[in-house]
Structures are given as structure tokens and as C-alpha cells.
1. So, in segment 103-131, of the ones that are assigned to a strand (DSSP E or B) and among the β-branched types (Val, Ile, Thr), which residue ends up nearest to the chain's Cα centre (by Cα)?
2. I need every pair where a residue in segment 68-84 that is in a helix (DSSP H, G or I) and buried (at least 16 other Cβ atoms within 10 Å of the Cβ) has its Cβ under 9 Å from the Cβ of a residue that is of a type in the set (S, T, N, Q) and modelled with pLDDT under 95, sequence separation at least 6 or different chains.
3. Criterion first (in contact (Cβ under 8 Å) with a residue 24 or more places away in the chain, among the hydroxyl-bearing types (Ser, Thr, Tyr) and touching a Ser or Thr at 6+ places or on another chain (Cβ under 9 Å)) does Thr53 satisfy it?
4. Identify the residue in segment 1-49 that is touching a Phe, Trp or Tyr at 6+ places or on another chain (Cβ under 9 Å) and assigned to a helix (DSSP H, G or I) and, among all such residues, is surrounded by the most Cβ atoms within 10 Å (Cβ to Cβ).
Amino acid sequence: MRRLIRIVIVVLTLVLVCISGWVLTYPESSDPKNIKYVLWKAGFHTMDLDLATGTMIGDRGRDSLVLGKTKAQLRDRFGFLLLPAEASPYLRGWHQDTEWKDTAGVFIRDSPWFVVLDGDRATGLVLVKGY
């Protein structure tokens, strides 16, 4: 029995050391490797959704958060979506002046992420940057 307790203590200590190392290695909340973002992305943690959409910029796996999802699933994940007509003047101007002007889609929150929709499903993710 004592041997089992020692093994459990060693395993828990190793897990704690690994998690602590991860937290110390990626302390910036805007880093896509930050533990809070990784856990939010996996559905195990809540996070400031505006911060999450900003963090998506550096995330190579960001498409998996959006592509193939319905608008309802996107709303569940990101809180709210904006039609181009509801977006800020900058985002609305971008939408009207680019190849996406005749494309159905929504913006994720007040972020620079435009989700291309085919019917009710997301088929593309576009980052609005300096147009």
C-alpha cells in the first residue's frame, strides 16, 4: 500500500511540475500556447472571448475553431456574431471594398475575423488586416 501511495505522489508531483513549467514558459495571455487558451480551445476552460479572438491570430490551428461549424455553434463558442452591416465602420468598409463583398458571412464579435458562410456552415476564415 505504501508503494502505491508513493507512486501516486510521484506522478502527481510530476504532473504539477509539468503544468507549472508550461505556465511559466508561456505566461502571456495572448500566446496561443498559453495554458488557458489551449484549455479554452479544447473546451475545458472559460476565457475572455475578446482576448481569445486576438490570440487566434498567432494560432496555427485556428481554423479548427471555425470551419465546419454552424452559426449556432460559433455563437456558443464566441458569444456573438456580427453581420457586416452591424460591424464597425472599418470592418464594414473592408467588407464592401474586397472580394468578399458578395460573400455571405459574419464577423466574430468585434474582432477582425470574418467567417465565410455557405448556408449555415462556416467554410472560410479571413483575417482583416490593413486594407
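The values are calculated or read from the model by the stated rules, or taken from the named source; none is laboratory data. Given the structure is predicted, the values throughout are model-derived calculations rather than measurements. Positions of Cβ are generated from backbone atoms using ideal geometry, with glycine treated the same way; all protein chains shown enter the neighbour counts.
1. Ile108
2. Cβ pairs passing all conditions: Pro84/Gln96.
3. yes
4. This residue is Tyr37.
Here is a yes/no grid of residues against (1) outside the structural domain of Leu67 (by TED's automatic domain parsing); (2) among the acidic types (Asp, Glu); (3) farther than 16 Å from Gly54 by Cβ:
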| residue | (1), (2), (3) |
| --- | --- |
| Leu81 | no, no, yes |
| Asp97 | no, yes, yes |
| Thr103 | no, no, yes |
| Ile108 | no, no, no |
| Val116 | no, no, yes |
